[in-house]
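Colleague: Below you will find the structure I want to go over with you.
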Amino acid sequence: MNENTNYNLVFLRHGQSTWNRDNRFIGWTDTPLTSDGVLEARVAGKMMKDAGIQFDNVHTSMLRRSIRTVNMVLMELGQEYLHVSKHWRLNERSYGDLVGKNKKEMAKIYGPDKLREWRRGYDTPPMTPSHKYYPGNLKRYKAIPPSSIPLTESLHDTVLRSEVYWNDVIAPELNSGKTVLVVGHENNLRSMIMKLEGIGEDEVIGLSLPRA
């Protein structure tokens, strides 16, 4: 929230998912919330209610861990009636060939420095369309041009993808004085915060966002 502007914006990361719990790279894979994740989302919603926040517009990704977090938050706020805009440009960063793999195991194989570079920096191993978790095989993305479905993404790629939705949809709402909630994923939220706060490429590696 920003008291120095004529608009209010809240970023919220989704609650714990099953692959968060299992310490696996998730990306566009559609993992559900755990019971702890549901509780985290409800607590976040209650905190917003206690702060007197009410939203005009709500945005999230096409992934159910984020969608269910939105639903829990709106339930706590008593705003279930709001339309929730869901878009693939707000999806998590695609982790390429790391998707589904355990982070600790990858650290043992490649070293903690390389793992940190993959997670926070600008390089990620590629994924082919035949990969087990390739999102282009899912029905929900059939309306998206195949060239727009990432095989793998750097944080920079995620910045460019999220920036389109920000400029076309979210920024105009904020400029009209709306109070906006964006429920997303660590890296797509990092990408937007990076642009808003002017965080440099060398600094963003230290930006980490807690879950709801």
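The values are calculated or read from the model by the stated rules, or taken from the named source; none is laboratory data. Worth saying up front: this structure is predicted, and the values here are computed from it rather than measured. All Cβ positions, even for glycine, are placed from backbone atoms using ideal geometry, and neighbour counts span all protein chains on display. These area figures cover heavy atoms from the full protein model, side chains too; ligands, DNA and RNA do not enter into them. Shrake-Rupley method; radii C 1.70, N 1.55, O 1.52, S 1.80 Å.
Colleague: Looking at Gly78, Met47, Tyr110, which one has the Cα that reaches farthest to the positive end of the dipole of the range 13-122 (charges on Cβ: Lys, Arg +1; Asp, Glu -1)?
Modeller: Tyr110
Colleague: Per 0.36 nm of contour for each residue apart, how much would the distance between Asn175 and Met75 grow if the chain were fully extended, relative to their Cα-Cα spacing?
Modeller: Details: separation 100, 0.36 × 100 = 36.00 nm, distance 2.67 nm.
Answer, rounded to one decimal: 33.3 nm.
Colleague: Hey, what's the chain come to in accessible area per residue, 1.4 Å probe, Å²? Could you put the intermediate results ahead of the total?
Modeller: Details: 10400 Å² over 212 residues.
I get 49 Å² per residue for the chain.
Colleague: Sorted by accessible area (1.4 Å probe), largest first, how do Phe11, Phe25 line up? Could you put the intermediate results ahead of the total?
Modeller: Numbers: Phe11 60, Phe25 0 Å².
Per-residue accessible area, sorted high to low, gives Phe11, Phe25.
Colleague: Within the set of other residues whose C-beta is less than 12 Å from the C-beta of Arg211, count the net charge using Lys and Arg as +1 and Asp and Glu as -1.
Modeller: Values: positive: Arg13, Arg21, Arg65; negative: Asp36, Glu40, Glu186.
Around Arg211, the surrounding residues sum to 0.
Colleague: Express in nm, to one decimal, how much length is gained between Glu163 and His83 on full extension, taking 0.36 nm for each residue of separation and deducting their alpha carbon distance. Can you show the working numbers first?
Modeller: Values: separation 80, 0.36 × 80 = 28.80 nm, distance 2.17 nm.
Extra length available between Glu163 and His83 comes to 26.6 nm.
Colleague: What translational diffusion coefficient, to the nearest whole µm²/s, does the range 46-158 have by Stokes-Einstein, given a Kirkwood radius computed over alpha-carbon pairs, a temperature of 10 °C and 1.306 mPa s viscosity? Walk me through the numbers before you get to the answer.
Modeller: Details: Rh = 16.4 Å.
Value of D from the Cα-based Kirkwood radius: 97 µm²/s.
Colleague: Something else now. For the chain, which whole percent of the accessible surface, found with a 1.4 angstrom probe, sits on carbon and sulfur atoms? Provide the component values of the computation, followed by the final result.
Modeller: On the way: 5110 of 10400 Å².
Of the solvent-accessible surface of the chain, carbon and sulfur hold 49 percent.
Colleague: So, one more: Filter the trypsin sites (Lys or Arg not before Pro) in the range 134-184 down to the DSSP loop ones having no more than 11 other Cβ atoms within 10 Å, then list what survives.
Modeller: Listed in order of number, the matching sites are Lys142.
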